[in-house]
Amino acid sequence: MTSASLWEDLKKALAGSEEDYTEVSIRKAVFLLSVPMVLELVLESVFAVVDIYFVGSLGASAIATVGLTETYLFLLYSVAMGLSFSVTAIIARRIGEKEKDKAGIAAIQSIWIAILASVPFAIAGIFFSKELLSLMGGDEWVLNEGYHYMQWMLGGNIVIVLLFLINAVFRGAGDAAISMRVLWISNGLNIILDPIFIFGWGPIPAYGITGAAIATNLGRGIGVLFQLWLLFKGGKHIKIFASHLKIEWDTIRGILKTSLGGIGQMIVGMTSWIFIMRILSEFGSQTVAGATIALRTMMFTMMPSWGMSNAVATLVGQNLGAGKPDRAEQSVWYTGFCNMGYLILVSIIYFFWSENLISIFTEDPEVIKIGGQWLQIVSYSYFIYAWWMAAGQAFNGAGDTITPTKINIVFFWVIQIPLAYLLGKYFSFGSTGVFWSIMISESSVGVFTLWLFTKGHWKQSKV
């Protein structure tokens, strides 16, 4: 690829391409879809850092309020992301089949599902926020002042769910650039509105911790309105009409059936990490701090891999819909090798400069030692994660969300958690044993997922 053609493809990726991803070269398709998906994730992480920076100035209890509220939001994210897997697969399949009208119908039905899914969380947040925070051990300030934050976040959770779901629609259709621009707008507004509503500005009073939630709801709410406008206006690959607004129960049942596996994947991952952190907490706060920083570092470096892997889901779905299963498989292999090359470079950095990376966030020598130790252990097999993500998204993109869920249950609940306890506590290897158990189990799940992918049963999935 020449520099001129690379520049042209980059402009297309950022502006939104009208290319048929079942016809252009796989390398070009992956590039056009991956670039906006990676940038989308990067800005999301930037907002998370900026948001906690402003909240952090309000004190430890304010930070605790955000942390405790996010415990419940993680459950919401599991539902929203699980639904998103299903929606991306179904929309991609309809687009690949050249059934744009059916894709529009599925998009609207997913919105109805999102609205219904948000209701229980809204009721819990508005009427039982104090009780929920108390259940998590919130202090007096959290229960008397911070609960307003949870009321706003859970009470207005519909904007979070819709943002996830509608962006999944655009990604499935191949309009990844639209998803990117939506998050740029919503998160950009969040960053601007955060200090205004937290500290007060002009006629707007200082709402403190509640202001952070107000800013988030406003920013993401405007993002959702922009999404809906784009859907009705029509993107490069999908458009909805007033005739699609009718509830189609068969379509809804299909989305829910496919989404059960996706929701299961997220819940298994979330709960397994809770158990791992519980085991690590036995070794002291410095261990938890080191592990937390190491995990944030890994999540940040994985963003390009996540972006490319998300492109796999779209390409697999569309190519299966177009009756091109071999091309769908080729897109996974190409993306996996690109991912592997990138993560090998990251592994080299982890191996030689692990403690330097951790020291960016803390000066505590013990925290630096523990966090650096995990990064070094991870570096031995980080490249395998590339295949775990690519092959896993191949299953999701095909609509087979149940298989990755079963895999996660075995390798996380049956293997990782008991192994972490045995190595960390029973055999007294401490946090090092826990880190090795994570490396062993997650390397194993990567190899097994890739092996199962090569069997090709995912090509027969129907959505």
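Numbers at a glance
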| quantity | calculated |
| --- | --- |
| Within the stretch 432-463, tally of residues that are open to solvent by less than 30 Å² (accessible area, probe 1.4 Å) and among the charged types (D, E, K, R) | 0 |
| Hits in the stretch 237-280 - residues which are among the hydrophobic types (A, V, I, L, M, F, W, C) and open to solvent by 80 Å² or more (accessible area, probe 1.4 Å) | PHE241, TRP249, LEU260, ILE274, PHE275 |
| Pairs, first closer than 14 Å to ASP20 by Cα in the stretch 86-104, second open to solvent by less than 10 Å² (accessible area, probe 1.4 Å) and among the β-branched types (Val, Ile, Thr), C-beta under 6 Å, six or more apart | ALA92/THR314; GLY96/THR22 |
| Residue check for TRP374: aromatic (Phe, Trp, Tyr), surrounded by 18 or more Cβ atoms within 10 Å (Cβ to Cβ) and either under 19 Å from SER305 (Cβ atoms) or free of Cβ contacts under 8 Å to residues at least 12 places away in the same chain (or both) | yes |
| Long-range neighbours under 8 Å by Cβ, at least six apart or interchain, first residue under 16 Å from VAL414 (Cβ atoms) within the stretch 255-283, second outside any helix (DSSP H, G or I) | GLY264/THR401; GLN265/THR401 |
| Residue count for the stretch 85-115, restricted to those that are open to solvent by 10 Å² or more (accessible area, probe 1.4 Å) and either basic (Lys, Arg) or within 21 Å of the chain's Cα centre (by Cα) (or both) | 11 |
| Hits in the stretch 248-270 - residues which are among the hydrophobic types (A, V, I, L, M, F, W, C) and within 18 Å of TYR72 (Cα to Cα) | ILE263, MET266, ILE267, VAL268, MET270 |
| Residues of the stretch 178-202 classified as surrounded by fewer than 18 Cβ atoms within 10 Å (Cβ to Cβ), of a type in the set (Phe, Trp, Tyr) and in a helix (DSSP H, G or I), total | 2 |
| All positions within the stretch 394-409 that are open to solvent by less than 20 Å² (accessible area, probe 1.4 Å) and more than 19 Å from ILE440 (Cα to Cα) | ALA394, PHE395, ASN396, GLY397, ALA398, GLY399, THR401 |
| Criterion (part of a helix (DSSP H, G or I) and open to solvent by less than 50 Å² (accessible area, probe 1.4 Å)) met by exactly one of MET37, MET81 | MET37 |
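To keep it simple, each residue is scored yes or no on (1) more than 22 Å from TRP229 (Cα to Cα); (2) at pLDDT below 90; (3) touching a strand residue (DSSP E or B) at 6+ places or on another chain (Cβ under 7 Å).
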| site | (1), (2), (3) |
| --- | --- |
| SER78 | yes, yes, no |
| GLY82 | yes, yes, no |
| ARG93 | yes, no, no |
| GLU97 | yes, no, no |
| ASP101 | no, no, no |
| GLY104 | no, no, no |
| ILE111 | no, no, no |
| LEU116 | no, no, no |
| PHE128 | yes, no, no |
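Conditions (1) open to solvent by 50 Å² or more (accessible area, probe 1.4 Å); (2) part of a helix (DSSP H, G or I); (3) in contact with a helix residue (DSSP H, G or I) (Cβ under 8 Å, 6 or more places away or on another chain); (4) over 28 Å from GLY254 (Cβ atoms), marked per residue:
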position: ASP20; (1), (2), (3), (4): yes, no, no, no
position: VAL50; (1), (2), (3), (4): no, yes, yes, yes
position: LEU58; (1), (2), (3), (4): yes, no, yes, yes
position: ALA62; (1), (2), (3), (4): no, yes, yes, yes
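The values are calculated or read from the model by the stated rules, or taken from the named source; none is laboratory data. Note that the coordinates shown come from a computational prediction; the quantities given were computed from them, not determined experimentally. All Cβ positions, even for glycine, are placed from backbone atoms using ideal geometry, and neighbour counts span all protein chains on display. Protein only, heavy atoms only, side chains kept; ligands, DNA and RNA dropped before computing areas. Shrake-Rupley method; radii C 1.70, N 1.55, O 1.52, S 1.80 Å.
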